[in-house]
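Q: Structure in structure tokens, see below.
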Amino acid sequence: MRILFATGNADKINEAAQILKELGHSVEQLMSEAERIEFDEPKNLGLEGVALSKIEQARAMIEGTESADCAILVEDSGIFLDAYDEWPGANSSDVEQELGLDGILDLLTEEQDRGAEYRAVAVLALGERVWKTSGVCRGRISAEKLGDNGFGYDPIFIPDAGDGRTFGQMLAASKNLISHRRAAMQALAELLKTPSK
Ligand code: ITT
């Protein structure tokens, strides 16, 4: 299936495209950089609320255009720190920009719980049909920034399913085998095999 991903985050597109390609789907960005619109993101509704809101906005945007018959994908994701009652969650992007990864590391003292997880909610719409899935990747926050790969919080996130390195130290192909995005996209690909809503 040809899937148009409504996102301004090129890293998310690359990861989703790599994962979904293996599962028989192609992924392209819905709008070019020039056409890019800022989605209204009701972050107080959490990842799922934001994703459902974004899919409605994306659907309204393509109505009457040549993309109207295509499958549209949105995904909202974030990191949740055990020590901070699931913060920053849906606000991960803003918090990353405001504090930086050094600021996040400064918030975690040696005694504090370093457990964390990435979560992703993916929503795909095709005509009137809508599919929703989610994925989680458990791990912990490292003591220092390590590695330049990936994006966002990857240099400070050590996945439990890995070998002790941060996502920032891992190749994209290795991250994509165990990430929250992999889990959400794989579940989506499974659902697309069935006609369920
Ligand atoms: P769109 O809303 O345009 O899709 P965005 O980057 O703003 O792009 P989100 O609102 O879903 O996307 O915010 C996701 C943020 O969560 C992202 O900017 C990172 O800070 C963090 N994040 C999510 N998945 C991540 C991953 O795989 N690796 C590192 N950081 C991630």
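Q: Can you tell me the length gained on complete extension of the stretch GLU190 to MET1, counting 0.36 nm per residue apart and subtracting the Cα distance?
A: 66.8 nm
Q: If you average the alpha carbon positions of region 168-189 and of region 139-160, how far apart do those two centres end up, in angstrom?
A: 14
Q: Here is a follow-up. Which residue, chosen from LEU101, SER77, ASN44, occupies the Cα position most advanced towards the positive end of the dipole of the chain, where the dipole is computed from +1 (Lys, Arg) and -1 (Asp, Glu) charges on Cβ about the Cα centre?
A: The residue sitting farthest along the positive end of the dipole is SER77.
Q: Let me ask something additional. Going from the alpha-carbon gyration tensor of region 64-197, what semi-axes, largest first and in whole Å, does one get by taking the root of 5 times each eigenvalue?
A: 31, 16, 13
Q: Find how much the distance from ALA143 to SER93 grows on full extension, using 0.36 nm per residue of separation minus their present alpha carbon separation; answer in nm with one decimal.
A: That works out to 15.9 nm of additional length.
Q: Evaluate the charge dipole of region 99-197 about its Cα centre and quote only its size in Debye, nearest 20, assuming +1 on the Cβ of each Lys and Arg and -1 on the Cβ of each Asp and Glu.
A: 720
Q: To continue, here is another question. Placing unit charges on C-beta atoms (Lys and Arg positive, Asp and Glu negative, everything else neutral), compute the dipole magnitude of the chain about its Cα centre in debye, rounded to 20.
A: Using only the charged Cβ atoms, the result is roughly 920 debye.
Q: For GLU63 and LYS21 in one chain, what is 0.36 nm times their gap in residues minus the Cα-Cα distance, to one decimal in nm?
A: Contour length minus the Cα-Cα distance gives 12.5 nm.
Q: What does the accessible area per residue of region 1-139 come to in Å², with a 1.4 Å probe and no ligands, DNA or RNA counted?
A: 50
The values are calculated or read from the model by the stated rules, or taken from the named source; none is laboratory data. All values derive from a computational prediction rather than experimental measurement. With ideal geometry, Cβ positions are generated from the backbone for all residues, glycine too; neighbour counts draw on all protein chains shown. Just so you know, the surface numbers come from the protein's heavy atoms only, side chains and all, with ligands and any DNA or RNA stripped out. Shrake-Rupley method; radii C 1.70, N 1.55, O 1.52, S 1.80 Å.
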